[in-house]
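What follows is a short report on a single structure.
The values are calculated or read from the model by the stated rules, or taken from the named source; none is laboratory data. Just so it is clear, the structure is predicted and the values come from calculations on it, not from any experiment. All Cβ positions, glycine included, derive from the backbone under ideal geometry; neighbour counts span all protein chains shown.
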Amino acid sequence: MGLLLNNHYTMDAPSSWLRRWAHLLPEGATVLDVACGRGRNARWLASRGMRVTGLDRDHEALEGLRSVIECVHADLEGAPWPLPGRQFDGVIVTNYLWRPLWPDLLRALAPCGVFLVETFAQGQQSVGRPRRPEFLLQHGELLQLCQALRVVAYEDGVLEAPLRYVQRIVATAPDPLDRLPGPPLHAPAGSYG
């Protein structure tokens, strides 16, 4: 069984990692929120004009989201992938780990799409839950997973308030035209050194 935690520190606020990197999602982007729970991230994205699909096995949690986002009720761990062939501009996963889903999540990422993951890592067992190794990312595991993507940001370490070990990554899918994803970068005049 995978792990989904709605810890006291998350409350209803969206993930700080998501808030930090959401600017990479284009205006009106389609976003898949995997194991969305009651929708703290999904609601925040929808309030910014994103078209969000929330995926969760908790039917009751999804009921409160149906007026805000597209909801898909599915068992992520015991049934086939519920969105075959669908792709999204962004795929986000926070505080959830079920490794057999990785291939489906990467296939759900559209060209130039943003893949954002934040969950517990090895070391967490020394400060709290989860403690079981199958629910903790190994050092460098997200970098390994994202080898075919362009890694924009990666962290593997300890966060405070509360103390917790996490691993998080933001990576973008390749552009079929071999351009860098996102808007062009412009250097200020005269800064070419």
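Inspect all residues belonging to region 42-62 and state whether any of them is in contact with a Lys or Arg (Cβ under 6 Å, 6 or more places away or on another chain), of a type in the set (S, T, N, Q) and at pLDDT 95 or above. No: zero hits. Would you be able to say whether some residue in region 147-169 is closer than 20 Å to Ala35 by Cα, among the acidic types (Asp, Glu) and either loosely packed, with under 15 Cβ neighbours inside 10 Å or under 17 Å from the mean Cα position of the chain (by Cα) (or both)? Scanning region 147-169, I find no residue that is closer than 20 Å to Ala35 by Cα, among the acidic types (Asp, Glu) and either loosely packed, with under 15 Cβ neighbours inside 10 Å or under 17 Å from the mean Cα position of the chain (by Cα) (or both), so the answer is no. Among the residues making up region 100-119, those that are touching a residue at least 60 places away in the same chain (Cβ under 8 Å) and either over 18 Å from Cys36 (Cα atoms) or in contact with a Pro (Cβ under 6 Å, 6 or more places away or on another chain) (or both) are Ala110, Pro111, Cys112, Gly113. The number of residues in region 136-177 being among the β-branched types (Val, Ile, Thr) and in contact with a Cys (Cβ under 8 Å, 6 or more places away or on another chain) comes to 2.
Return the only residue of Val127, Val91 being modelled with pLDDT of 95 or more, of a type in the set (A, V, I, L, M, F, W, C) and touching a Leu at 6+ places or on another chain (Cβ under 6 Å).
Details: Val127 fails: modelled with pLDDT of 95 or more.
After ruling out the rest, the residue left standing is Val91.
Going through region 88-121 one residue at a time, which ones are in a strand (DSSP E or B) and either acidic (Asp, Glu) or on the phi > 0 side of the Ramachandran plot (or both)? Across region 88-121, the qualifying residues are Asp89, Cys112, Glu118. Screening Glu134 on (1) assigned to a helix (DSSP H, G or I); (2) within 21 Å of Ala22 (Cα to Cα) shows it passes everything except condition (2).
One line per residue, one yes/no per condition, for (1) in contact with a strand residue (DSSP E or B) (Cβ under 7 Å, 6 or more places away or on another chain); (2) within 27 Å of Asp175 (Cα to Cα); (3) at pLDDT 95 or above; (4) not aliphatic (A, V, I, L, M):
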residue: Asp12; (1), (2), (3), (4): no, no, no, yes
residue: Ala22; (1), (2), (3), (4): no, yes, yes, no
residue: Gly28; (1), (2), (3), (4): yes, yes, yes, yes
residue: Leu32; (1), (2), (3), (4): yes, yes, yes, no
residue: Val72; (1), (2), (3), (4): yes, no, yes, no
residue: Gly78; (1), (2), (3), (4): no, no, no, yes
residue: Gln87; (1), (2), (3), (4): yes, yes, yes, yes
residue: Asn95; (1), (2), (3), (4): yes, no, no, yes
residue: Ala108; (1), (2), (3), (4): yes, yes, yes, no
